[in-house]
Amino acid sequence: MTATASTRGGGADGGRDRDRGGDPATGPAIFRSRIALTAVLVALSVALGLLLVGVPNVELLTFTIFVSGAVLGRWRGAAVGALAMGIFSGVNPYGSGLGFPPLFVAQVIAAGLTGLVGGATARLWDANGPGKGRFPLGVARTATAGAIGFALAAIYQSVVILGLAIASPEFRTGVIAAIVSNAFFSFVHVVSNTVIFAVLAPVVIPRAKRLVAQGGAR
């Protein structure tokens with residue numbers, strides 16, 4: 001601009017073989033292909049981030065990283081987030097984050113957390129997961145997705161403000177200055193991210209998870 005057992009994490013982590021995607025007998029093959037899938041999702045995240053780079057604080061990078069976590073699990077999702085944000089921030093045509101290390105590190109940490117949260121909440125989107133009944137494909141699930149998008153954008157903005165303030169000679173003054181100067185853009189980011197998650201997550205994530213489960217990541 002992300003250990004519980006897989007029975008609680010929807011194929012997220014927990015056990016070496018479960019973290020690699022399923023059956024211990026086929027784990028190594030799945031693990032190799034999931035490395036390739038991780039690379040593809042990093043590239044997709046960067047590409048979608050750059051797609052809207054000209055629109056201030058409206059972006060698809062956060063959502064794509066979140067989906068990556070839901071598909072790959074918490075730690076690979078975190079890796080996708082950190083790598084994708086590192087590349088995106090580094091090559092951003094409107095200003096590379098590499099020129100401002102505290103901001104760059106803050107962005108990478110926040111994006112890694114996004115992938116982590118995507119993996120941790122993966123089972124909410126499963127038809128037979130804990131969300132069945134409580135999170136139907138409708139108002140409840142849309143509201144849940146929007147709330148997650150809101151929270152992730154708010155956390156991202158808070159971490160970025162902290163990164164900006166760290167570079168200030170006076171921390172408190174830096175925090176105030178960062179909040180004031182970024183207030184409007186933070187608002188746009190939080191609102192747009194809430195809408196993007198609410199509209200896309202209930203549709204995209206279940207389909208992405210089914211694609212991988214049916215052989216897309218074999």
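Here are the numbers for the structure shown:
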{"quantity": "The listed residue being at pLDDT 95 or above and not polar (S, T, N, Q), out of 53, 71, 108", "calculated": "108"}
{"quantity": "Residue match in region 195-207 (condition: part of a helix (DSSP H, G or I), modelled with pLDDT under 90, under 30 Å from residue 35 (Cβ atoms) and aromatic (Phe, Trp, Tyr))", "calculated": "no"}
{"quantity": "Filter result for residue 115 (under 18 Å from residue 162 (Cα atoms) and in a helix (DSSP H, G or I))", "calculated": "no"}
{"quantity": "Options 195, 199, 188, 159; residue that is in contact with a helix residue (DSSP H, G or I) (Cβ under 6 Å, 6 or more places away or on another chain) and of a type in the set (A, V, I, L, M)", "calculated": "159"}
{"quantity": "Among the candidates 80, 105, residue that is within 21 Å of residue 157 (Cβ to Cβ), more than 10 Å from the chain's Cα centre (by Cα) and of a type in the set (A, V, I, L, M)", "calculated": "105"}
{"quantity": "Region 136-154, residues that are buried (at least 17 other Cβ atoms within 10 Å of the Cβ) and under 16 Å from the mean Cα position of the chain (by Cα)", "calculated": "144, 145, 146, 148, 149, 150, 152, 153"}
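The values are calculated or read from the model by the stated rules, or taken from the named source; none is laboratory data. On a predicted model such as this, the values are computed, not experimentally measured, just so you know. For neighbour counting, all protein chains shown are included, and Cβ atoms are generated from backbone atoms with ideal geometry for every residue, glycine included.
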